[in-house]
Amino acid sequence: MAGRKIIVGITGGIACYKAAGLVSLLKRSGYTVQVVLTEAAAKFVTPVTFRALSRNPVCSEQFASGGEPVPHIALAEDAALYVVAPATANTIAKLAHGLADNILTASFLAAACPKLLVPSMNTGMWENVLTQENIQKLRKHGCTVLEPESGPLACGTSGTGRYPANQVILAAIQKLTGAVDTPAAAPPLRGKKLIITGGGTREPLDPVRTLTNNSSGRMGLALKAAAEQAGAEVVYIDAGAVDGVQGLKAEIAKNFAAADALIMAAAVSDYRPAAVSKHKIKAGQDKLTIELVKTEDILKYFAGQKKDKYIVGFALESADLLKNAAAKLKAKKVDLLVANDTSALGSAESAVVLLDGQNQPEALDRMPKTQTAEKIIERVGRHFSRVR
Ligand code: CTP
């Protein structure tokens, strides 16, 4: 893979300073990097930065009006991949409609290599049906799209739209460029529909307070990326973006009948406040007791009506990992249980044990969650290759 040329198209979103990290990471990973900047991106970060990091002249509008006769054609001719990171809603719309009004859109349109988009924008723009239609269209025509992450956004709000970690983008690039070398087997999950939950649930206490946990949502998103890479259609549900445990159940229920598998990586609250105060709880009392009531075990509920669906549960344990995980595997009647110790919570790495009730538990090394997720998805793929 070393020396292969990656075109990094950068559009004018606030996250474009993070693309500097991506360019640097790609260089360190042995790729040749050609940066293409839109005019708007060049206002956020100057071409000088990208030139220094990529050790290559940057293509921008000035370049386009320079010596090269047809720069947008020549650019991607020998490229292994064209990645647009960050991809703004505006550029996504242009690409979906085949516009070629700047050096980035023109070279993207002309490129015949695999293409990867990393959308990054405000939640409203991302969730807008027009953006979603554009994304669907680009996917339909062969572009790989990395789903944006959830969390605080530059506009001051919180939601889906965040630029993912550059390591996650690198992993996707490595997969896509690797696939060029080995067009071998069909993706193991092609034609399969997976529901993947991630993140932590939020149970309100009063209008301003919430009962939640330290789940970062990384594992869920890594699973989603790995499953999509394996050809699956994924319905990803962010547990923090639905209305508590019941909201999560309702969202899964909507998609369950059509799904082939459910992966419950979400950290689901076992308890919720017995009553949600309509008004803000005042600070007048010295002691405050909050009554909690048990929530429904969603995983157990759906595993109970799984039929031929494949169900993956997680177990988070602070002691007696194997013993407790084996008990959960049985009690919840899942096909595969991923046992984590609590050090995984909020971390980018995990060391998990996979239990399926038939084979010896498989202990995986401590590794980035992106890789752990690939191993889990591999197991799901193996199941479907047996039953296909
Ligand atoms: N889970 C669920 N609904 C709940 C609680 C947990 O669906 N109300 C799911 C989680 O998504 C996870 C699995 O059950 O896949 C195990 O979660 P975990 O927190 O490890 O175990 P619990 O069943 O909550 O048991 P305990 O907290 O006593 O360890």
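No value in this document is a laboratory result; all are computed from the given coordinates. No experiment lies behind these values; they were computed from the predicted model shown. Cβ atoms come from the backbone with ideal geometry, glycine included; neighbour counts cover every protein chain shown.
For the pair residue 206 and residue 133, the difference between a 0.36 nm per residue extended length and the Cα-Cα distance amounts to 22.6 nm. Nearest 0.05, what FRET efficiency do residue 306 and residue 341 give at R0 = 30 Å with Cβ-Cβ as r? Result of the calculation: an efficiency of 0.65. Fewest-first ordering of 238, 101, 341 by other beta carbons within 10 Å of each residue's beta carbon gives 101, 341, 238. Give me the angle, in degrees from 0 to 90, between the Cα long axis of helix 369-387 and the longest principal axis of the Cα atoms of the chain, rounded to the nearest 10. With rounding to tens, the tilt is 80 degrees. With one equal scatterer per alpha carbon and no solvent term, the Debye-computed log10 I(q)/I(0) for region 193-387 at 0.09, 0.12, 0.18 1/Å reads -0.34, -0.59, -1.24. Applying Stokes-Einstein at 37 °C and 0.692 mPa s to the Kirkwood radius of the chain, computed over alpha-carbon pairs, gives a translational diffusion coefficient of 146 µm² s⁻¹. Calculated FRET efficiency, residue 157 to residue 287, Cβ-Cβ distance, R0 = 35 Å: about 0.50 to the nearest 0.05. Available extension along the chain between residue 327 and residue 386 is 18.6 nm, counting 0.36 nm per residue and deducting the alpha carbon span. Under a Cβ-Cβ cut-off of 12 Å, what is the net charge of the residues other than residue 206 that fall near it, where Lys and Arg count +1 and Asp and Glu count -1? Computed value for this residue: +3. Neighbours of residue 366 by Cβ distance under 12 Å: Lys/Arg scored +1, Asp/Glu scored -1, total -2.
Here the Karplus relation 6.51 cos²θ - 1.76 cosθ + 1.60, evaluated at θ = phi - 60°, turns the backbone of region 143-154 into coupling constants of 6, 8, 10, 7, 5, x, 8, 9, x, x, 10, 4 Hz, with x for every Gly and Pro.
For the chain, modelled as a Gaussian network with Cα springs under 10 Å, which listed residue fluctuates most, 268, 36, 242? Residue with maximal mean-square fluctuation among 268, 36, 242: 242. Go ahead and set up a Gaussian network model of the chain, Cα springs under 10 Å, then flag whichever of 271, 310, 163 fluctuates most. Largest GNM mean-square fluctuation: 271. A simple count of charges around residue 30, restricted to other residues whose Cβ falls under 12 Å of its Cβ and scoring Lys, Arg +1 and Asp, Glu -1, yields +4. Any of 5/137; 27/375; 137/249; 224/294; 306/369; 115/175 with alpha carbons more than 21 Å apart? Name them for me. In this structure, 5/137; 27/375; 137/249; 224/294; 306/369 exceed 21 Å between Cα atoms. Over the residues of the chain, the helix contribution to mean residue ellipticity at 222 nm works out to -11000 deg cm²/dmol, using -39500 (n - 2.57) for each DSSP H run of at least 4. Restricting attention to the chain, close to 30% of DSSP beta bridges with both partner residues there are antiparallel.
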